[in-house]
Amino acid sequence: MTGRRRAARGGVFAAAVIAVLTLPGVASAHGIGGRSDLPVPLEYFLVGAGVVLLLSFGALAVLWPTPRLQDGPRWRDAGWAVPGWVGGLLAAIGVGGLMLVLSAGLFGESSARSNAAPVTVWVVVWLVLPFTAAAIGNVWSVISPWRTMGGLARLDGPSGPGAWGVWPAAAVFTAIVWLELVYPRSGDPQALGMAALVYTVAILGLAFRFGIERTVASTEAFAVYHRLLSAIAPIGRLPDGRLGRRGWLRALPVLPQWPGLAAFVVAMIGTVTYDGLSGTPWWDDLAFSLVGAAQHSVWFQTVALAAVVAVIGTAYAAASWWAARIIGPDGPSPAEVARSFAHTLVPIALAYAFAHYFTLVAFEGQLIIPALSDPLGLGWDLFGTIDYQPNYTWIPPVAVWWGQLAAIVGGHVVGVVLAHDRALAVFPGPRAVKTQYAMLALMVALSALGLTVLAAG
């Protein structure tokens, strides 16, 4: 390596470290109870995370000279057939869950804590099932109530997302997050029941026009979300329908590069980032200085949500532009680079969501136990669990922090590995590593932002 090349790489490393050190100290409602609760100062964690990513990048540049992950799943056995009754049972559970949300939301008790709809939607469907997809595979493809109903109604049509790609799903995903984070009645069972009804009518209406498979692939946000996260899992479906072991992460590099894929993944990261920032004193102070008391209005929060997602998207677009610029006019365009590398952000999006919402699942998720005994909040006790009280102390705060730290850093290290492997496959050898400088700086900054947001809430 020449001295000039060493200097260039050293400059990027220095810029990344500076990005780590200069992020503001903010807090999060989903954090661990305050920066003073950390076992060592937050700056140590930020520098440590940055060093881990920089060392990972350097080790990959030396020890990983050829792509290893681009050939997709490597099936390790002949797989195993899933009995038909299992699929039927999961499909019935999915339809039953939708009916539960509709009935509890529209006709049940109005209190969010005594009604099954909020915990079913915002904990089970929005968090637990996606985390499960990343661990064991795409269960949603079977449990989805809309796919089941569309299949029973024989709403056949072409498969795949079509010319629009997953742009509609990215917009729907952001709208669902808006409902959760901005809409004042997001925990109101009746509002959730009405939202579920509107969503069901919209999906089935589109399925009548385009077929259920195309509608699910392009517009149904939960289906696209699960499809992306399940590509991380070591278990997948073989061409003959059997389940088999394919290895962790093997399906991510061969995800189809649909139009809108990068936008969907950016929305996954940006919306969680907004949720963390919006619950911090730092954000409240900034918002109050800008707009005064209007900081808590729906319009301001809507604009702020869109702005945070746009900032994350702009940073990713800039990293993609840098890579295309390094290669020159004979290489892929920035838009093509963004689509090609979008899968590298999926583990980061999962890490953000898991770290940010782990305590919500672990603690508030226990509310599903009494809710199942009295789903409508009418005083029933179907399973004898109506008096169950959640245990909010079963995980020590420090253990929560270490788990969050491992998730954030681990997700970004995996992202660096995936980006390096893809760069080796699509860019000329001598310049492949150089194209990733901006992406590395982005990942260092994102990891520092994620840890900072979590640290002091």
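Worth pointing out:
- Residue count for segment 296-328, restricted to those that are among the hydroxyl-bearing types (Ser, Thr, Tyr), over 30 Å from ARG431 (Cβ atoms) and either in contact (Cβ under 8 Å) with a residue 12 or more places away in the chain or assigned to a helix (DSSP H, G or I) (or both): 1.
- Of the residues making up segment 437-457, those that are among the hydroxyl-bearing types (Ser, Thr, Tyr) and surrounded by 23 or more Cβ atoms within 10 Å (Cβ to Cβ) are SER447, THR452.
- Residue-level analysis places ALA423 outside the set of residues that are closer than 28 Å to PHE363 by Cα and in the same structural domain as TRP322 (by TED's automatic domain parsing).
- Flag if LEU376 is surrounded by fewer than 21 Cβ atoms within 10 Å (Cβ to Cβ), of a type outside the set (Gly, Ala, Ser) and touching a residue at least 24 places away in the same chain (Cβ under 8 Å): yes
- TRP164 vs. criteria within 30 Å of GLY377 (Cβ to Cβ) and aromatic (Phe, Trp, Tyr): no
- Flag if SER159 is surrounded by fewer than 19 Cβ atoms within 10 Å (Cβ to Cβ), closer than 15 Å to ILE93 by Cα and touching a residue at least 24 places away in the same chain (Cβ under 8 Å): no
- Within segment 76-89, residues that are farther than 17 Å from PRO239 by Cβ reach partners that are surrounded by 12 or more Cβ atoms within 10 Å (Cβ to Cβ) with beta carbons closer than 7 Å, at six or more positions or on different chains, in the pairs GLY87/VAL142.
- Residue list for segment 365-379, restricted to those being assigned to a loop (DSSP other than H, G, I, E, B) and under 15 Å from ALA117 (Cβ atoms): ASP374, PRO375, LEU376, GLY377, LEU378
- For segment 68-117, a residue qualifies if it is within 18 Å of THR200 (Cβ to Cβ) and aromatic (Phe, Trp, Tyr), and exactly one does: PHE107.
- Among (1) at pLDDT 95 or above; (2) more than 16 Å from LEU60 (Cα to Cα), the one test that LEU418 misses: (2)
- Candidate set from segment 263-293 (those that are assigned to a helix (DSSP H, G or I) and out of contact with any helix residue (DSSP H, G or I) (no Cβ under 8 Å at 6 or more places or on another chain)); member that is farthest from SER320 (Cα to Cα): ALA293
- Residue count for segment 77-94, restricted to those that are at pLDDT 90 or above and surrounded by 17 or more Cβ atoms within 10 Å (Cβ to Cβ): 3
- Residue ID - nearest to ALA133 (Cα to Cα), chosen from residues in segment 329-352 that are in contact (Cβ under 8 Å) with a residue 40 or more places away in the chain and of a type in the set (S, T, N, Q): THR344
The values are calculated or read from the model by the stated rules, or taken from the named source; none is laboratory data. Small disclaimer: the values here were computed from a predicted structure and weren't measured. Every residue, glycine among them, receives a Cβ derived from its backbone with ideal geometry; neighbour counts consider all protein chains shown.
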